[in-house]
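Below: the structure, in structure tokens.
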Amino acid sequence: MARPTSWRSLSLTPAAQLRGLQDEQLARYVREELYPFSRHYRRVLDDAGVDPRRFGGVADLARLPFTTKQDLLRAQTTPENRYDFVLRPSPESIKQHWPFARKLALVLGGAGARETLRYRYTPNFLTFTTGRSSEPVGFTYTPHDLDVLSEAIARMFDVVGVTAHDERIVNLFPFAPHLAFWAVTLGGFKTGRLVVPSGGGKVMGTDGSLRLFDRLSPTAIVGTPGFTYHLLRRGNELGTSFQNVRTVVLGAEKTPPGLKDKMLECLRAGGAGKVKIVGTYGFTESRMAWAECPTEDNASSGYHLHPDLGVFEVIDPASGRVLPEGESGELVYSTISGHGTCVLRYRTGDLCVGGIRWSVCPHCGRTLPRIASELRRVSETHALNLTKIKGTLVDLAQMGQTLAEMREVEEWQVVISKRNDDPFEVDQLEVRVAARKGADGEKLASEIRTRLASATEVAPNQVCVLPLEELIKALGMETAMKEQRYVDRRPK
Ligand SMILES: [Zn+2]
């Protein structure tokens, strides 16, 4: 089968051929990389009785167990297992598992071949997960992986249409050993366009980032939905010009649909013309991200995947069964191009409504598979003990989305605590909002009660309408790595 030689040809390759390519690449990857060099997956394949030399492709993944965050955590916290997920070749494993031609090239290639080994397998970079619920998990990259990341994100910029020669990209993600900041910086460099990382609110401050806008007049903004909106709103207050902004790329968190309209209003007030606002999806364990292509009305078009770099399955989160194309379920990720820390059948905990589609994208004509845009965390449901007798399950994400979508709500925060701070008392749910200019606070509070009751079946004990500045501070917009949207003050 002829392999597509460029990103462009890959994104126009018929789906059947892309699937064939994935099968081939996954089989080779399991046989020549994962089984020989990953202690964890060698064990997994042996335990499942799967012969790596007979691993056929994507359909065979179902013969193997899933990898979970707990597996990664466990390995990381036991010194003798710390490198279980990292590909670590040895002369013996190469001798034993590589095909003759590859071994021969290594022997005959001398210093050049040894340099290739270093490039592919020696970690030179590390990021961490941002999870609040558990210890951060480290993910190592080798030079090869950094090149894959740069390539994947450069493709993402192509998908979102940041392709003109005069693009000036501002990266608002905070400086940290997290995927988002480095992905946009490295991928931005790879596009050959001007990239300026401002570090978001925490480093230069919102006003500092806006001064950068005065100097640079950016064409593209990349950041989290919450901070980007905050920046645009502040820009309106300071009279910042957004006249050259053509694209806003949002990531790291889910974007509620109502927020895009609010952003467009700010952009227009700052003199912008037509602006595309697109979402992205990515996670530490994949060491890459995917983007939606732009649409006329900024409706979501689904995340366009890189089928040559990784494989997604959609499973029933309860039974673990692999679901057919287009069905809703949990996303499971396997790398087929990674070195350093590698995962196979990793359960993302993200539920995808509408699953994955392999049909040609009606917006851009690319043949790449797409993840449907509506994602929700499996773990976002929290138990609240509201009645003292029986706990109620509350989907906090749904609550946040309901608040963010309301036009009259400028900012919001949800606080859970114990009544009177007494650990034996019932839980209290407080919703704090800042109202839009000119909105009637009392009317807003009562509308919030009604909407939350119908969306989540839980009525807050209290709805507080606060001044915007106070809420911005409480959210940590200028001080925290991530806005504090949900604050759980209950004793652990
Ligand atoms: Zn498209």
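None of the figures in this text is laboratory data; all of them are computed from the coordinates on show. In this text, all values refer to a predicted model and were calculated from it rather than measured experimentally. Methodologically, a virtual Cβ is constructed for each residue, glycine included, from the backbone with ideal geometry; neighbour enumeration extends over all protein chains shown.
Projection of the Cα convex hull of region 1-112, averaged over all directions and equal to a quarter of that hull's surface, yields 9.5 nm². Estimated at 0.36 nm per residue, the fully extended path between Arg74 and Phe189 surpasses their Cα-Cα distance by 37.9 nm. Derived scalar couplings between HN and Hα for region 174-185 equal x, 4, 5, x, 10, 4, 4, 4, 6, 4, 5, 5 Hz in order, rounded to whole Hz, by the Karplus curve 6.51 cos²θ - 1.76 cosθ + 1.60 (θ = phi - 60°), x for Gly and Pro.
Taking 0.36 nm per residue of separation and subtracting the Cα-Cα distance, full extension of the segment from Asp166 to Thr116 would add 14.5 nm. Share of Cα-Cα pairs in the chain beyond 29 Å, in percent? Across the chain, Cα pairs with separations above 29 Å total 54 percent. Residues of region 232-251 with an amide N closer than 13 Å to a point placed 7 Å from the Cα of Ser217 along the Cα-to-Cβ direction: 241-246.
Placing unit charges on the Cβ atoms only, positive for Lys and Arg and negative for Asp and Glu, gives the chain a dipole magnitude near 1020 debye about its Cα centre. With a cut-off of 18 Å on the backbone N, the residues of region 301-344 near the modelled label site 7 Å out from Asp147 along Cα-Cβ are 308-310, 336-341. Relative to the longest principal axis of the chain, what angle (0 to 90°, nearest 10) does the C-alpha long axis of helix 257-269 take? The answer is roughly 70 degrees. The C-alpha atoms of the chain define a longest principal axis, and helix 15-29 lies at about 60 degrees to it.
If I model region 153-276 as equal point scatterers sitting on the Cα atoms and use the Debye formula, what is log10 I(q)/I(0) at q = 0.17 Å⁻¹? With no solvent term, the Cα-only Debye profile gives -0.79. Report the Stokes-Einstein translational diffusion coefficient (µm² s⁻¹, integer) for region 344-492, Rh taken as the Kirkwood radius over Cα pairs, at 25 °C with viscosity 0.890 mPa s. Estimated via Stokes-Einstein, D reaches 140 µm²/s. With helices as the sole contributors, the chain gives -11000 deg cm²/dmol at 222 nm; each DSSP H run of n ≥ 4 counts as -39500 (n - 2.57), and the sum is divided by every residue. Given R0 = 51 Å, the distance between the Cβ atoms of Glu237 and Ala318 translates into a calculated FRET efficiency of 0.60.
Quotient of the Cα radius of gyration of region 194-253 and 2.2 N^0.38 Å, N being its number of residues: 1.00. When only alpha carbons are used to place a centre, region 267-318 and region 83-100 end up 35 Å from one another.
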